[in-house]
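A.B. asks: Before I ask anything, let me first share the structure, which is written out below as structure tokens.
The values are calculated or read from the model by the stated rules, or taken from the named source; none is laboratory data. Being a predicted model, the structure only gives us computed values, none of them experimental. Using ideal geometry, Cβ is built from the backbone for each residue, glycine included, and neighbour counts are taken over all protein chains shown. Areas reflect the complete protein model, heavy atoms only, side chains present, ligands, DNA and RNA absent. Shrake-Rupley method; radii C 1.70, N 1.55, O 1.52, S 1.80 Å.
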Amino acid sequence: MLLRTAWRRVAAAVPPVPGPGPEAPTRGLRLRVLDHAPQSAVPSDTASAPEVESVLRPLYMDVQATTPLDPRVLDAMLPYLVNYYGNPHSRTHAYGWESEAAMERARQQVASLIGADPREIIFTSGATESNNIAIKGVARFYRSRKKHLITTQTEHKCVLDSCRSLEAEGFQVTYLPVKKSGIIDLKDLEAAIQPDTSLVSVMAVNNEIGVKQPIVEIGRICSSRKVYFHTDAAQAVGKIPLDVNDMKIDLMSISGHKIYGPKGVGAIYIRRRPRVRVEALQSGGGQERGMRSGTVPTPLVVGLGAACEVAQQEMEYDHKRISKLAERLTQKIMKSLPDVVMNGDPEHHYPGCINLSFAYVEGESLLMALKDVALSSGSACTSASLEPSYVLRAIGTDEDLAHSSIRFGIGRFTTEEEVDYTAEKCIHHVKRLREMSPLWEMVQDGIDLKSIKWTQH
């Protein structure tokens with residue numbers, strides 16, 4: 001309440017921003033007010049208003065990277081950031097009890113979203129930690145009898161790196177290839193399972209191309225072969241219906257900031273019956289049933305719980321709305337531009353993640369041109385490497401097309417106007433960049449680029 005009052009006073013003191021009248025177009029840019037005043041400058045009747053600077057920021061179309069905090073989630077968190085600050089593991093006074101009650105309610109909210117028992121939910125710092133606990137924890141616990149794991153070539157980096165670190169410890173890991181659609185071949189999975197396989201780890205929805213793996217069928221195969229099944233569901237939880245019992249999932253990783261919750265919090269589901277045993281990675285006070293020591297951050301888990309509850313209530317509505325916006329974006333772009341390829345299976349696909357390759361255009365050049373829209377490229381534009389995305393390479397995308405890919409993310413707060421603006425800007429800049437491209441000119445003249453033998457000078 002104090003925070004809101006303070007903010008209202010600041011907002012009231014902000015002078016109107018000089019500039020063009022209301023008829024001036026502001027589409028594509030969101031006005032954010034950034035307060036650069038020192039913390040001690042608290043607004044009061046006598047103190048002057050802090051200096052406030054108005055900054056225009058790009059549209060946000062990168063919800064696979066992170067999502068904005070839902071205001072309902074913030075409302076649930078605020079009391080535990082200000083008034084209810086007790087340690088949830090303090091058992092001797094009311095401060096601890098009220099924090100523990102909030103923590104257990106959040107556990108119930110997370111469990112409800114995926115059809116689990118609250119006792120099967122362990123709070124972590126995010127999906128990366130959950131993936132590490134699932135893969136390393138299961139492998140190390142059963143290492144005396146089982147030394148083999150299976151995953152896919154298109155998993156998130158934290159899964160692949162966990163598997164590589166286990167290989168250094170003497171484990172054997174099979175990395176299943178994927179088809180051109182991005183989906184694994186179930187026959188390959190069945191053939192890869194050995195008598196000493198302890199775990200199969202396959203992500204539910206891919207973070208780059210949005211492809212949905214056949215989780216139900218994978219769960220059935222793993223269950224029939226007595227192998228534990230882990231899924232990295234960071235991009236799927238709260239967006240598509242998931243039930244750990246129907247899908248025969250033994251371990252599941254969840255991230256808070258991918259479902260309009262706070263950053264720095266996540267959860268792992270670990271089945272109780274039949275019981276899955278994991279070796280803890282972190283030593284300490286034995287919190288979270290000994291699987292994840294460390295004080296549970298009450299405000300963050302309350303936020304995760306609230307985000308899960310909102311997602312459960314709004315999943316159907318969000319999915320319909322996002323599907324409609326995704327269809328609008330792809331239709332607008334593909335009708336106006338030739339040689340645009342959608343990466344990944346168009347049917348078994350989460351609609352909010354659209355990965356398009358624009359032939360004869362560099363992805364990085366297009367990203368730079370689209371500076372008033374926050375997007376990401378499928379290629380490694382943020383690293384020192386110019387190698388294209390390993391996910392696009394795994395699905396057999398040509399090197400030049402992989403370099404020209406852009407990922408569009410549509411979420412709960414994306415508007416129709418934002419989708420239209422992004423499509424228009426994208427079409428305009430692709431046409432402009434292609435006009436500058438000698439390769440595009442050669443293609444227009446009917447030259448087959450694959451038939452050309454390029455020489456170095």
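A.B. asks: Consider Pro351 carefully, then state whether it is out of contact with any Lys or Arg (no Cβ under 7 Å at 6 or more places or on another chain), outside the structural domain of Ala204 (by the TED database) and without any contact (Cβ under 8 Å) to a residue 12 or more places away in the chain. Steps first, please.
C.D. replies: Values: out of contact with any Lys or Arg (no Cβ under 7 Å at 6 or more places or on another chain): yes; outside the structural domain of Ala204 (by the TED database): yes; without any contact (Cβ under 8 Å) to a residue 12 or more places away in the chain: no.
Taking the combined requirement at face value, the residue does not satisfy it.
A.B. asks: Say whether the condition of being touching a helix residue (DSSP H, G or I) at 6+ places or on another chain (Cβ under 9 Å) and free of Cβ contacts under 8 Å to residues at least 24 places away in the same chain is met by at least one residue in the range 135-150.
C.D. replies: So far as the range 135-150 goes, no, none of its residues is touching a helix residue (DSSP H, G or I) at 6+ places or on another chain (Cβ under 9 Å) and free of Cβ contacts under 8 Å to residues at least 24 places away in the same chain.
A.B. asks: Further question on the same structure: Restricting to the range 404-416, name every residue that is open to solvent by less than 10 Å² (accessible area, probe 1.4 Å), in a loop (DSSP other than H, G, I, E, B) and of a type outside the set (Val, Ile, Thr). Give the steps one after another, and end with the answer.
C.D. replies: At the first step, the residues of the range 404-416 found to be open to solvent by less than 10 Å² (accessible area, probe 1.4 Å) are 404-406, 408-411, 414.
Checking which are in a loop (DSSP other than H, G, I, E, B) leaves us with 404, 410-411, 414.
Residues satisfying the conditions are Ser404, Gly411.
A.B. asks: Does Glu120 meet the test of being within 25 Å of Leu281 (Cβ to Cβ) and in contact (Cβ under 8 Å) with a residue 60 or more places away in the chain? Break it down stepwise before answering.
C.D. replies: Numbers: within 25 Å of Leu281 (Cβ to Cβ): yes; in contact (Cβ under 8 Å) with a residue 60 or more places away in the chain: yes.
Yes.
Here is a yes/no grid of residues against (1) touching a Leu at 6+ places or on another chain (Cβ under 7 Å); (2) of a type in the set (Ser, Thr, Tyr); (3) over 23 Å from Leu113 (Cβ atoms):
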position	(1), (2), (3)
Cys308	yes, no, no
Gln312	yes, no, no
Ile322	no, no, no
Gln331	no, no, yes
Met334	no, no, yes
Pro338	no, no, yes
Met342	yes, no, yes
Cys353	no, no, no
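A.B. asks: If you check Val265 against the conditions, is it over 14 Å from Leu300 (Cβ atoms), in contact with a helix residue (DSSP H, G or I) (Cβ under 6 Å, 6 or more places away or on another chain) and open to solvent by less than 70 Å² (accessible area, probe 1.4 Å)?
C.D. replies: Numbers: over 14 Å from Leu300 (Cβ atoms): no; in contact with a helix residue (DSSP H, G or I) (Cβ under 6 Å, 6 or more places away or on another chain): yes; open to solvent by less than 70 Å² (accessible area, probe 1.4 Å): yes.
So Val265 does not fit the description; no.
A.B. asks: I've got another one for you. Looking at (1) modelled with pLDDT of 95 or more; (2) in a helix (DSSP H, G or I); (3) open to solvent by less than 10 Å² (accessible area, probe 1.4 Å), which one does Tyr421 not meet, given that it meets all the others?
C.D. replies: (3)
A.B. asks: Next question. Determine the pairs where a residue that is farther than 18 Å from Leu366 by Cα, located within the range 407-431, has a partner that is surrounded by fewer than 18 Cβ atoms within 10 Å (Cβ to Cβ) and of a type in the set (Asp, Glu) with Cβ atoms under 9 Å apart, the partner being 6 or more residues away or on another chain.
C.D. replies: Hits for this filter: Arg412/Glu314.
A.B. asks: Here's a check for you: in the range 204-248, which residue that is over 19 Å from the mean Cα position of the chain (by Cα) and acidic (Asp, Glu) is farthest from Ala307 (Cα to Cα)?
C.D. replies: For the range 204-248, the residue satisfying everything is Glu217.
A.B. asks: Could you list, in sequence order, the residues of the range 52-92 that are among the acidic types (Asp, Glu) and either touching a Cys at 6+ places or on another chain (Cβ under 9 Å) or over 25 Å from Val373 (Cα atoms) (or both)?
C.D. replies: Within the range 52-92, the first condition is being among the acidic types (Asp, Glu), and the residues that meet it are 53, 62, 70, 75.
Residue satisfying the conditions is Asp75 alone.
A.B. asks: Which one of the conditions (1) of a type in the set (S, T, N, Q); (2) at pLDDT 95 or above; (3) under 17 Å from Ala134 (Cα atoms) does Gln282 fail to meet, given that it meets all the rest?
C.D. replies: Tallying (1) of a type in the set (S, T, N, Q); (2) at pLDDT 95 or above; (3) under 17 Å from Ala134 (Cα atoms), Gln282 fails exactly one: (2).
A.B. asks: May I pose another question? Could you look through the range 288-331, keep only residues that are among the polar types (S, T, N, Q) and surrounded by fewer than 20 Cβ atoms within 10 Å (Cβ to Cβ), and pick out the one that is farthest from Ser99 (Cα to Cα)?
C.D. replies: Filtering the range 288-331 for residues among the polar types (S, T, N, Q) gives 293, 295, 298, 312-313, 323, 330-331.
From what is left, the residues that are surrounded by fewer than 20 Cβ atoms within 10 Å (Cβ to Cβ) are 293, 295, 312-313, 323, 330-331.
Values: Ser293: 17, Thr295: 11, Gln312: 23, Gln313: 25, Ser323: 38, Thr330: 46, Gln331: 49 Å.
Only one residue tops the list, namely Gln331.
A.B. asks: Within the range 241-259, take every residue that is touching a strand residue (DSSP E or B) at 6+ places or on another chain (Cβ under 7 Å) and assigned to a loop (DSSP other than H, G, I, E, B) and give me the one that is most open to solvent (accessible area, probe 1.4 Å). Even if it seems obvious, please write down each step before you answer.
C.D. replies: Here is the first cut: in the range 241-259, the residues touching a strand residue (DSSP E or B) at 6+ places or on another chain (Cβ under 7 Å) are 244, 248-256.
In the following step, the residues that additionally are assigned to a loop (DSSP other than H, G, I, E, B) were identified as 244, 248-250, 256.
Values: Val244: 0, Lys248: 88, Ile249: 1, Asp250: 19, Gly256: 0 Å².
The extreme case among them is Lys248.
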